Amino acid sequence: MKQLIRYSLLCVGLLSTCMSTAQQLLNVGVAGLSHDHVHLLMHQFKEGKVRIAGIAEADTLLVARYKRSYHLPDSLFYPSLNAMLAKVHPDAVLGYNPVAEHILVVEACAPKGIPVMVEKPLATTVAQATRIAALAEKYHIPVLTNYETTWYSTNQYVYDLVKKDAVGPVRKMIVHDGHEGPIEIGCSKDFTNWLTDPLKNGGGAIVDFGCYGANLMTWLMDGKAPIAVTAVARHIKPSVYPKVDDDATILLEYPDATGIIEASWNWPFSIKDWEVFGKSGYLHALNANQLQQRKRDSTQVLTVPVPAYTDNLTYLAAVLNGTIKPGNDLSSLNNNLIVVKILEAARKSAKEGKRQVISSL
């Protein structure tokens with residue numbers, strides 16, 4: 001009998017643990033399916049890492065494709081975000097639509113008190129970003145931006161080492177982000193249709209990849225905007241990308257440091273790295289997992305610890321349950337308002353051929 005009681009208690013404990021784990025799963029709404037990053041969410045859904053309350057997508061052909069690919073029921077789909085939110089109240093809405101339409105997601109969600117996370121960047125213009133920030137403040141919701149490089153353990157460790165004075169005061173930062181081009185690597189037509197549209201995406205490579213460096217540098221500079229921005233944009237493949245730039249170099253001026261962002265759709269392969277030069281040393285995050293540190297003539301490969309949050313969903317859940325406050329971190333609204341200012345200044349600089357002072361924007 002005692003063994004039976006112990007076994008019963010064990011089963012109850014396991015059931016409670018399973019129920020607790022299930023209750024911790026985020027129940028999210030999805031705004032749009034045209035951004036190819038949504039495939040990552042769909043895989044998380046199939047693996048039981050997240051629940052989907054509803055999907056808002058007007059393109060019936062796109063909806064049919066996702067239904068077939070991921071065996072999704074008809075009941076999940078709605079023709080618009082407003083139609084979805086009239087029926088369900090998710091923990092948060094994730095935006096996988098054109099950047100210029102992020103503002104529409106926030107306008108629909110904020111009055112209902114629903115948090116929002118969009119794919120990078122936050123917005124195409126400073127005016128849109130400012131409107132988003134006003135709505136977030138008025139309705140007391142977090143509005144977050146998701147970058148692939150946020151979850152690179154190397155980037156997190158670079159930040160920690162710099163803040164621990166491992167290389168001395170930062171003097172220069174260089175971020176390389178790019179690949180062969182979205183069409184060349186096989187991005188879907190639904191994605192490239194707006195990614196290569198100057199209004200829907202805000203630009204080409206200067207926005208698509210320039211935002212990564214702006215995000216990382218703003219973080220490392222403790223949420224401070226640069227003094228000025230200078231940029232050169234190139235149109236190397238006009239036959240492939242007739243409407244937007246496909247290569248850009250952006251220079252950020254800080255009081256005691258310089259940032260260089262190299263963004264391209266013209267590289268022989270994908271590169272996402274980050275170099276930080278301090279007064280006494282140098283750090284180079286080669287990719288998500290490899291990190292080198294150099295001091296004078298000694299170079300070592302560092303063992304990189306696993307960060308507290310390894311994907312957007314675990315981070316979002318921590319924000320929603322109050323475990324962490326975004327502050328000025330990589331996903332924060334504060335950081336990404338500055339990112340949009342940098343990108344707008346970069347586009348203006350490239351167009352006019354002039355250095356742009358941030359305070360004048």
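The values are calculated or read from the model by the stated rules, or taken from the named source; none is laboratory data. Bear in mind that the values here come from a model prediction, so they are computed numbers and not experimental data. Cβ sites come from the backbone with ideal geometry, for glycine too, and all protein chains shown count toward neighbours. Ligands, DNA and RNA are excluded from the accessible area calculation, which covers all protein heavy atoms including side chains. Shrake-Rupley method; radii C 1.70, N 1.55, O 1.52, S 1.80 Å.
Taking the criterion of being under 15 Å from His179 (Cα atoms), charged (D, E, K, R) and outside any strand (DSSP E or B), the residues of region 226-248 that qualify are Lys237, Asp245, Asp246.
Restricting attention to region 183-225, the residues being surrounded by fewer than 22 Cβ atoms within 10 Å (Cβ to Cβ), hydroxyl-bearing (Ser, Thr, Tyr) and not in a loop (DSSP other than H, G, I, E, B) number 1.
Has region 166-174 got at least one residue that is closer than 21 Å to Tyr254 by Cα, among the basic types (Lys, Arg) and more than 19 Å from the chain's Cα centre (by Cα)?
yes
Glu180 meets all of the listed conditions (1) of a type in the set (D, E, K, R); (2) open to solvent by less than 40 Å² (accessible area, probe 1.4 Å); (3) in contact with a Pro (Cβ under 8 Å, 6 or more places away or on another chain) but one, namely (2). Can you tell me which of Ala350, Ala308, Ala317 is within 21 Å of the chain's Cα centre (by Cα) and at pLDDT 95 or above? Matching residue, one of Ala350, Ala308, Ala317: Ala317. Looking at Lys325, Lys341, just one residue is under 20 Å from the mean Cα position of the chain (by Cα) and under 24 Å from Gly203 (Cβ atoms), and that residue is Lys341.
The helices (runs of 4 or more DSSP H) found entirely in region 65-145 that carry 2 or more residues being open to solvent by less than 10 Å² (accessible area, probe 1.4 Å) and either under 14 Å from Gly32 (Cβ atoms) or hydrophobic (A, V, I, L, M, F, W, C) (or both) are 102-109, 126-139. Pairs linking a residue in region 76-93 that is at pLDDT 95 or above to a residue that is surrounded by 14 or more Cβ atoms within 10 Å (Cβ to Cβ) and among the acidic types (Asp, Glu), with Cβ atoms under 7 Å and 6 or more positions apart or on different chains, are Phe77/Glu57.
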